[in-house]
Amino acid sequence: MTPSETFESELTQLLPRLRRFAFALSRNGADADDLAQATIERALRSRDQWQPGSRLDSWLYRIMRNLWIDTVRSRGRREKHEAPEDAAQDVGEDPREAMDASMELQRAMSAMERLPDEQREVVALILIEGFGYREVSEMLELPIGTVSSRLVRGRTALLEMLGGNADG
Amino acid sequence: MVEEEKFFAWLDGELPADEAARVETEVAADPRSSQLAEDHRKMAAGLRGAFAKVEAQPVPERLAGIVSQERGKVVDLAEARERRLHRKPPSLWVQMGALAATLVVGIITGNLLTGGVPSPIGAEGGRLVASAELEDALYARLASMPADSGPRIGLTFRDKTGTICRTFKEQATSGLACREGGDWRIRNLYQPPEGQTSDYRMASGQDPQLMEAVEASIDGEPFDAEQERSAMEQGWR
């Protein structure tokens with residue numbers, strides 16, 4: 001396989017994970033797939049900037065995260081984030097949702113969306129994507145202490161919204 | 001009760017073995033902590049479970065198709081890289097790569113920075129200050145603003161003396177500038193060793209030395225988008 005074919009093959013294998021990250025960052029599935037598409041296009045255009053031997057997944061996540069930040073902020077979205085207590089009430093606790101996979105995803109996305117952007121990206125990368133603190137610190141160019149404290153705030157708010165016990 | 005960030009670092013498997021064992025014992029001895037650990041484990045598992053459904057879905061053709069179409073016009077990575085290197089004339093920053101990896105205030109002299117080429121940094125009274133383009137970016141550019149050319153701003157924060165500092169990145173070079181006496185003074189400037197330059201915004205990671213410099217001087221946390229905007233409106237005071 002040529003380096004180019006290797007790149008495309010690895011990129012293809014990473015598409016399901018990239019989509020998952022896009023869903024964790026976005027408001028809805030359509031926005032998520034737009035973000036995934038923009039990321040793939042940017043990655044293919046910039047493929048010569050990826051250094052073989054370095055992790056392709058981190059590079060792709062980084063592109064996606066930067067595109068997401070640009071989109072969210074240029075959209076001029078300045079929503080006041082609700083306090084976790086209010087958000088918890090908004091998300092609600094409908095036992096039927098647990099039975100329905102798409103509703104469960106919608107509920108998780110809705111809770112993620114209520115987190116401030118800074119917390120959402122850290123929660124998505126660590127709790128959902130499974131990256132380590134150090135990897136996320138390098139990916140987001142943040143001190144590790146900042147990553148850790150944003151993660152604490154984000155997951156604490158999520159626990160209030162989603163609950164830890166199955167019975168709520 | 002275990003200190004909060006340590007508790008979660010333990011929960012995430014981020015602590016060294018001996019420390020993790022200590023925290024585990026403490027958590028086991030405290031019913032509140034044990035319950036909290038269980039709640040967070042369940043919540044995180046639920047979250048992963050919900051998003052795992054996305055990963056399990058077939059990738060829509062509109063996405064998979066982009067990559068497969070690309071196969072028709074295969075570009076050799078090495079060739080593409082070669083073309084790019086020859087396309088862009090080396091900037092002053094890259095030329096400075098011949099210098100040591102870390103350049104600290106005061107080491108660069110005025111002579112080194114001039115030579116007819118407009119420089120993003122300059123020397124003033126023996127100190128390193130931002131030149132016009134970098135000054136403009138530091139003064140008027142928010143981290144969220146797309147920067148198609150010129151320096152890109154990273155973090156903004158207050159250091160332990162209360163001074164506002166901002167990290168910036170210009171191609172492979174990154175640095176830390178702080179607002180002192182009405183100027184942006186360059187406190188640190190970093191450049192990867194020659195031959196390891198990486199691209200603007202696409203680098204696989206930030207210069208770890210810059211992150212160390214930030215961690216050593218930061219008071220609290222970096223500004224969020226609102227704090228950054230507000231600091232700009234107040235003239236970075």
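The numbers here are math on the coordinates, done by the rules we state, and not lab data. None of these values were measured; they are calculated from a predicted model. Here the Cβ positions follow ideal geometry from the backbone for every residue, glycine too, while neighbour counts run over all protein chains shown.
Are there GluC sites (Glu not before Pro) in segment B:1-48 that DSSP puts in a loop and that have at most 15 other Cβ atoms within 10 Å, and which ones?
Answer by residue number: B:GLU3.
Using the Cα centre as the reference, give the magnitude of the dipole from point charges on the C-beta atoms of segment B:4-56 (Lys, Arg: +1; Asp, Glu: -1; all else neutral), rounded to the nearest 20 debye. Display every interim value, and only then the final one.
On the way: 7 positive and 12 negative charges, 71 e Å.
In debye, rounded to 20, segment B:4-56 gives about 340.
So between B:GLU38 and B:ASP136, what do we pick up on full extension, going 0.36 nm a residue minus the alpha carbon distance?
30.3 nm is the gain from fully extending B:GLU38 to B:ASP136.
Return the FRET efficiency for the residue pair B:ALA45, B:GLU5: r is the Cβ-Cβ distance, R0 is 30 Å, and the value is rounded to the nearest 0.05.
0.90
Which one of A:ALA38, A:GLN13, A:SER74 is farthest out on the positive end of the charge dipole of segment A:3-74, using unit charges on Cβ (Lys, Arg +1; Asp, Glu -1) and the Cα centre as origin?
Sorting the options by dipole projection puts first A:SER74.
Using a 7 Å offset from the Cα along the Cα-to-Cβ direction at both B:ASP224 and A:ASP31, what is the distance between the two label points in nm, to one decimal?
Once both label points are built, they end up 1.6 nm from each other.
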